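The values are calculated or read from the model by the stated rules, or taken from the named source; none is laboratory data. Remember, predicted model here, so these are calculated numbers, not experimental data. So basically every Cβ, Gly included, is an ideal-geometry build from the backbone, and we count neighbours across all protein chains shown. What goes into the accessible areas is simple: the full protein's heavy atoms, side chains included, and nothing from ligands, DNA or RNA. Shrake-Rupley method; radii C 1.70, N 1.55, O 1.52, S 1.80 Å.
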Amino acid sequence: MKKYRVLIGKPGLDGHDRGAKFIARALRDAGFEVIYTGIRRTPDEIAAAAIHEDVAAVGLSSMSGGHVRLFPAVVDALSRAGASDIPVLGGGIIPAEDVPAMIEAGIRQIFTPGTKVETIIAAFTEACAQQHGQRE
Amino acid sequence: MNIPHLLQQLHGGEARGVARAISLVEDQLPGAEQLLAGLDRQRIEKVLILGLTGPPGAGKSTLTGELVGVLRRQDIRVGIIAIDPSSPISGGALLGDRIRMMQHALDPDVVIRSMATRGRLGGLCGSAGAAARIMAASGCRVVILETVGIGQSEMDIVRLADLTALVLAPGFGDDIQAMKAGILEVADLLVVNKADQAGARRLQLDMGTVFSDPGDREDRICATVASEGAGIETLMERIFFFEQLYRQDGRLQERRRRSFTLETLDWATEMVKARLQEKMKTPRFECVEPRQAALELVRGLVNEKVNYKKI
Ligand SMILES: Nc1nc2c(ncn2[C@@H]2O[C@H](COP(=O)(O)OP(=O)(O)O)[C@@H](O)[C@H]2O)c(=O)[nH]1
Ligand SMILES: [Mg+2]
């Protein structure tokens, strides 16, 4: 199987990284190479790390409402850095009514607290496959 | 993949070009040889490949972050390759060394790449060596290779380095006693990190017994507190001192030749292994014993015309 590299990060100021770590481990156990950047990262830091590590997708976690501003900010940072081809997926405590605006802002997919791990892994696999398909 | 364009990007120091080039080699994609052959040899000549190895938790990543800080204050561009094991069960990996280096995340002259062993501790040497040269060609004057080192197989990766520092800390007693005998074979410098903790002084004295020459004891053991940035500048000075020495007395060149051999063998093994696995898709049950089957297989391989495009 092709080795997919993904970045899991937590933008913003809240320090609750249980969700991010849980997903990072689940992806590792599904065969991904997961670059974990830890808590309290700025969108620019996440974008720079994603580029250096040549990941095929970025996963973001938010537990305290920061997603509304921060998820789109990461999409933006990637785009400014010339890497708008790297898809961004997000999860955490995200109210259903916030989802359409996130998708509108360019987040590929949002996972709400009820989403099954298998669904998340399948979504990352698909996002990565598509990103690799675009590489010449 | 447009290789000339990629070469141009990476020689210009562009982050994305460097990153893509490393992936090309790590994933063994077509064009990898052409890319590697096109790297700036003068820059590769000049780079210092510094190995940092030691038990997990000794403070290697924190130390790397601090060394990078010292180098950046001297306006030196630096690359970091942080290697961690892949899970033997899933083949995946969780790579977290970057967390301790995030202070440099936005510096365009700090190139950080995490790498998983992908279950081929051997096969890793080729990829890591190539990644180091790609970083060098992108203008890095120093490339730091961080690896977890406690056993023999991990030490293979260390042999890629021009100079190796073994990072130790108090509280790793058993690991350290076990490796003491072989220390001088792998390490040029011993770093006693966490010098703020109880037991550091004793560890330093204990390590002193590794060297018979009192001068070496002075020069080759450094105490640091990586989490507070203490002792880092002295360590960096020592590293550059030994680099100069090794360049002058030819040891560095000799090590480069040794790592050339190691990497060549490593790639060859990878290539042959892939071909063997391909051939084994039709099992050879005409032989009653696996050893006999292996001999037949190898004989067949030697007589084969190699299709380079396929490798
Ligand atoms: N007390 C103390 N802790 C340190 C020092 N250097 C690193 N650490 C801590 O040791 C832990 C492991 O460090 P890390 O750099 O990840 O170690 P590595 O596994 O060898 O890369 C972290 O919690 C660091 O903050 C030091 O000099 N003193
Ligand atoms: Mg580390």
Check A:ASP76, A:ASP54 and return the single one that is within 14 Å of another protein chain (Cβ to nearest Cβ) and not in a strand (DSSP E or B).
A:ASP54
Where residues in the range B:30-59 are touching a helix residue (DSSP H, G or I) at 6+ places or on another chain (Cβ under 8 Å) and near ligand 2 (Cβ under 10 Å from one of its atoms), which of them is farthest from B:GLN248 (Cα to Cα)?
B:GLY59
Residue in the range B:85-93 that is under 22 Å from B:VAL186 (Cα atoms), out of contact with any Asp or Glu (no Cβ under 9 Å at 6 or more places or on another chain) and within 14 Å of ligand 2 (Cβ to nearest atom) present
no
Does the range A:36-44 contain any residue that is facing chain B (nearest Cβ under 9 Å), without any contact (Cβ under 8 Å) to a residue 24 or more places away in the chain and in a helix (DSSP H, G or I)?
no
Look through B:ARG251, B:ARG284, B:ARG256 and report the one residue that is in contact (Cβ under 8 Å) with a residue 12 or more places away in the chain and over 26 Å from B:ALA32 (Cβ atoms).
B:ARG284
Conditions: (1) away from ligand 2 (no atom under 16 Å from the Cβ); (2) open to solvent by 30 Å² or more (accessible area, probe 1.4 Å); (3) hydrophobic (A, V, I, L, M, F, W, C); (4) part of a helix (DSSP H, G or I). B:LEU106 meets all but one. Number of the miss?
(4)
Could you go through the range B:178-196 and let me know if any residue there is within 15 Å of ligand 2 (Cβ to nearest atom), modelled with pLDDT under 95 and closer than 19 Å to B:LEU252 by Cα.
no
Taking A:GLY66 as meeting all but one of (1) within 13 Å of chain B (Cβ to nearest Cβ); (2) surrounded by fewer than 24 Cβ atoms within 10 Å (Cβ to Cβ), write down the number of the exception.
(1)
Output for the range B:75-96, where each listed residue is surrounded by 23 or more Cβ atoms within 10 Å (Cβ to Cβ), within 14 Å of ligand 1 (Cβ to nearest atom) and either free of Cβ contacts under 8 Å to residues at least 60 places away in the same chain or at positive phi (or both):
B:LEU95
Meets criteria (open to solvent by 10 Å² or more (accessible area, probe 1.4 Å), in contact with a Phe, Trp or Tyr (Cβ under 9 Å, 6 or more places away or on another chain) and either more than 10 Å from chain A (Cβ to nearest Cβ) or modelled with pLDDT of 95 or more (or both)) for B:GLY129
no
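Yes or no, residue by residue, for (1) in a loop (DSSP other than H, G, I, E, B); (2) at pLDDT 95 or above:
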{"residue": "A:ASP85", "(1), (2)": "yes, yes"}
{"residue": "A:GLY91", "(1), (2)": "no, no"}
{"residue": "A:ASP98", "(1), (2)": "no, no"}
{"residue": "A:PRO113", "(1), (2)": "yes, no"}
{"residue": "A:ILE120", "(1), (2)": "no, yes"}
B:ARG16, sole failed condition from (1) open to solvent by less than 10 Å² (accessible area, probe 1.4 Å); (2) within 11 Å of chain A (Cβ to nearest Cβ):
(1)
Which ones in the range B:18-70 are within 16 Å of ligand 1 (Cβ to nearest atom) and touching a His at 6+ places or on another chain (Cβ under 6 Å)?
B:VAL68
